[in-house]
Protein chains: 2
Amino acid sequence: MRSESTICALATQGNGAIAVIRISGPDTFRIVDGIFHPATTGKVLQNESPNTIHFGTIQEHDKIIDEVLVSLFKAPNSYTGEDSIEISCHGSLYIQQKILELLISAGAQPARPGEFTQRAFLNGKMDLSQAEAVADLIAAESEGAHRVALQQLRGGFSNKLKALREQLLHFISLIELELDFSEEDVEFADRKQLVQLVEKIKSLILDLINSFQLGNVLKKGVPVAIIGRPNVGKSTLLNAILNEERALVSDIEGTTRDSIEDTMNLEGVNFRFIDTAGIRETAEPIENLGIRRTYQKIEQASIVLLLTEASDDPAIIQRSVEAIRKQTSDGTKQLVVVLNKSDQISESQLQEIRNGIPLLQGERIISISAEKRENINGLTDLLLDMVNIGSLKHQDVVISNIRHYNALKSASESLFRVSEGLSTTLPSDLLAQDIREVLHYMGEITGEVTTDEILGNIFKNFCIGK
Amino acid sequence: MRSESTICALATQGNGAIAVIRISGPDTFRIVDGIFHPATTGKVLQNESPNTIHFGTIQEHDKIIDEVLVSLFKAPNSYTGEDSIEISCHGSLYIQQKILELLISAGAQPARPGEFTQRAFLNGKMDLSQAEAVADLIAAESEGAHRVALQQLRGGFSNKLKALREQLLHFISLIELELDFSEEDVEFADRKQLVQLVEKIKSLILDLINSFQLGNVLKKGVPVAIIGRPNVGKSTLLNAILNEERALVSDIEGTTRDSIEDTMNLEGVNFRFIDTAGIRETAEPIENLGIRRTYQKIEQASIVLLLTEASDDPAIIQRSVEAIRKQTSDGTKQLVVVLNKSDQISESQLQEIRNGIPLLQGERIISISAEKRENINGLTDLLLDMVNIGSLKHQDVVISNIRHYNALKSASESLFRVSEGLSTTLPSDLLAQDIREVLHYMGEITGEVTTDEILGNIFKNFCIGK
């Protein structure tokens, strides 16, 4: 499995104080020794101990490019399982490019996206679902996304799947042995135990399949569109929610969070608020004004908050609800009517208004006062309830990867055929075929069964340098 | 000098494959031992050897935050000269923030900008001009900027300055000894040698002062405004130059260069082209159309290329030249009239046109064909000539820092008074005072003389984590 080539890439982004360049492969030490000049010892890096750090300069002939630290790792005790070096240099773009250029001139190849992790997989340092978790872990922006990715990286469900698959492999070998003796009507594989095992696998797989929706919410966050005319209180509402539930440490300097403005983290789940500034829908029917733009925003959302004033004409609100409903009725979006400034009217008036807006099943209505901070908690609880975050507490293992979901669905279908076959005493050869299918799909997840195509698809979505 | 506090900060930017968190100060090992759990040895980090790397997990109580590598450095053999650890974690924003949060909970303080480098200076790991070079080195985007910063980091001129200052210190102590014996008219300090030393210092300081303009060009690049009506060939010209002299390795994947679009690197100097799209100046006098906007662009430039077609009416070109000249006559900007599409007219016509556009001293005119790639090299040579890049070859030490420039100017003024005093046999006490001033300004550059204000001004411009 070991690679012939030596690869290099930036492992960090942009120009911070430092940048890290990774090199991995059989020629790593020879290549780096050619450009690195240690400050103190005269030794070449090849003769230094692994897991040590060395100060010196990177040079192009006599010209010093930078003062750097190099960290040495030797096969198999490295991330990739190969000889590997990390060069920690000053974070200037010029230096980063120059060092990469020198490495490439000396025989290293620019790494493809995810190639370091792919090598880690190929060298048996992690299974395929763990390798996939690396990309998720790097992308994790919320506690929930982080939790799902880290659990997967540490072998969360793949260890269980692998153990059960091993047992199933044992059975299939017994059943295939039976086939060799098919004329003698022997039964090496204990059918009762097999039924138990199949039920166990089925149960795990169903749990994992059911966890996918939640896993996806945790991983990707929940896009929420707030629809409402200007001055209806959108910013006030956002500020109110942010004030109540500020993201943990988002104000530590140096950790840029520009890219996730207007994201709020509620109990570890990111709710991403989609800007819908400038959309009006009360005075005239929503159809007439900026429809296309509003609908595009709604299209991206999985929850739509229709923000109105409690004192608005219920008939107009109802018209807006009906207009939006056309967009949300496909079942992928949930609608919440939010009656703002509810403090300005009486409880009985409010009840009347709510009654004047008939809702379909699954649609919600809530009254708040963003300015007075009334019932903001009620709204955030509602949001959490809508993504079913409560079920997370009963769930120790969650999947979030569509590839796993599809493989588990296929495994589940084959499993049901196995169950059926076992109850109807299907001939062993047909039973074996169904079990083989289960084994195939289970193996796809953890990588016991892979094709170049699967690997290519997985790793092309990684960042370079990982 | 040693700091009481332990500081921490991100040393990398954004979310790449990995991120590096730095911790430095007396409690570094205690703090990191509290959250790091080694994967193999049971040892605490405090008992491990310096310059070694350890794999393990960062945990918040029982909850694993990430699998990380930690690199150990012990005082005084670290960047800061203090006990120091670098945590290399997965590049997720969540993980970065969480680890910083844990470090801060355990007693570390968030580092101020440049605080690691400031500590390196205070602990004698580098002088002040070297510390300043660190920020320049990180910001370096071109070979020229890199060269200036690295030379300064490696003590380029500060070693020379320090050595000469030492000698001058020796003289002043002798002169001050003379003052103690002033009634006896002795002369401990050999005036002839002192004159030689002063001349030597003067010569170095003048060289450095003269190198500042070039140093600034190398460090900051040269802003160039291309003024011209739409379709006069601006984009074609940019492409032509880019094609001729493409930046070295800017197309290695993973090194984002988005921020320097339309920058071209000629012989190590960055020429930054300022967008002036949509400005028209031919059919009507430039005064009448988009004046303010054009002038703002010109304001940012140090070279203005007025791009015209060779077949344009020379009188109109001349009107534009005059309008722009009002903006460029302050001596900080240089004007080049570029006659494009010169292939469409004859050589004699071209000569006539050039004669029809009388230029002031320092202004240049050149004819090219951007589309036919004719005389593009002529234009780039002209640009390099205008920034006097040729003189770089005769100059091994270059300054690029306005603080150094100002201190050198002041030192130079005091030096001239010393020279004068020596030639007119000024009383020793007044001579000593002038020499003290020279020592003061020389010491400001390398940091033998500093105030909190100077240090504060220098390090506030650093990035956090350096």
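The table below lists the values:
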read-out: For A:PRO110, inter-copy label distances in nm, listed shortest first [label point 7 Å out on the Cα-Cβ vector]; value: 3.6
read-out: Model label zone, B:THR41; criterion: amide N under 12 Å from point 7 Å along Cα-to-beta-carbon; scope the stretch B:57-97; value: B:72
read-out: Inter-copy spacing of B:THR41 label points, which lie 7 Å from Cα along Cα→Cβ, given in nm from shortest upward; value: 1.6
read-out: Cβ-based net charge around B:ILE58, under 9 Å, with every Lys or Arg adding one and every Asp or Glu removing one; value: -2
read-out: Förster radius 30 Å - calculated FRET efficiency between A:ASN388 and A:GLU420 (Cβ-Cβ, nearest 0.05); value: 0.45
read-out: Area projected by the alpha carbon convex hull of chain A, averaged over all directions, nm²; value: 29.5
read-out: Taking chain B and dividing mean pair separation by its residue count, relative contact order in percent (alpha carbons under 8 Å, at least six apart); value: 18
read-out: Listed pairs A:LYS43/A:LYS74; B:LYS162/B:LYS409; A:LYS125/B:LYS63; A:LYS160/A:LYS200; A:LYS74/A:LYS160; A:LYS63/B:LYS125 exceeding 19 Å between Cα atoms; value: A:LYS125/B:LYS63; A:LYS74/A:LYS160; A:LYS63/B:LYS125
read-out: Where N is the number of residues in the stretch A:90-210, Cα Rg divided by 2.2 N^0.38 Å; value: 1.68
read-out: Proxy reagent accessibility, fewest Cβ within 10 Å first, across B:LEU305, B:LEU360; value: B:LEU360, B:LEU305
read-out: Estimated distance in nm for a label pair at B:SER311 and A:GLN349, the labels positioned 7 Å out from Cα along Cα-to-Cβ; value: 7.4
read-out: Principal-axis tilt of helix B:128-139 within chain B, Cα atoms, nearest 10 degrees; value: 60
read-out: Pairwise label distance in nanometres, B:ASN239 with B:ARG30, each label 7 Å out on the Cα-Cβ vector; value: 6.5
read-out: Set of the stretch A:175-215 residues, backbone N closer than 15 Å to the point 7 Å along the Cα-Cβ line of A:ARG436; value: A:175-180
read-out: R0 of 56 Å, Cβ-Cβ distance A:GLU299-B:ASN457: FRET efficiency to nearest 0.05; value: 0.65
read-out: Cα gyration tensor shape for the stretch A:7-116, rounded if a/c is under 1.5, else prolate or oblate; value: rounded
read-out: Across the identical copies, how the A:ASN210 labels are spaced - nm, sorted shortest first, 7 Å along Cα→Cβ; value: 8.4
read-out: Rough spin-label spacing in nm, given labels placed 7 Å along Cα→Cβ, for A:LYS409 and B:GLU176; value: 8.5
read-out: Debye log10 I(q)/I(0) for the stretch A:365-466, one point scatterer per Cα, at q = 0.25 Å⁻¹; value: -1.22
read-out: Computed [θ] at 222 nm, helices only, for chain B once each DSSP H run of length n ≥ 4 contributes -39500 (n - 2.57); value: -14500 deg cm²/dmol
read-out: Cα extents of the protein assembly as shown along the three principal axes, largest first (Å); value: 119, 71, 67
read-out: R0 of 41 Å, Cβ-Cβ distance A:ASP62-B:THR450: FRET efficiency to nearest 0.05; value: 0.75
read-out: Spatial separation of Cα centroids for the stretch B:165-187 and the stretch A:298-371, in angstrom; value: 89
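Readers should treat all values here as calculations from the given coordinates under stated rules, not as data from a laboratory. A quick note: this is a predicted structure, and the numbers were derived from the prediction, not measured. Every residue, glycine as well, gets a Cβ built from its backbone with ideal geometry; the counts of neighbours run over all protein chains shown.
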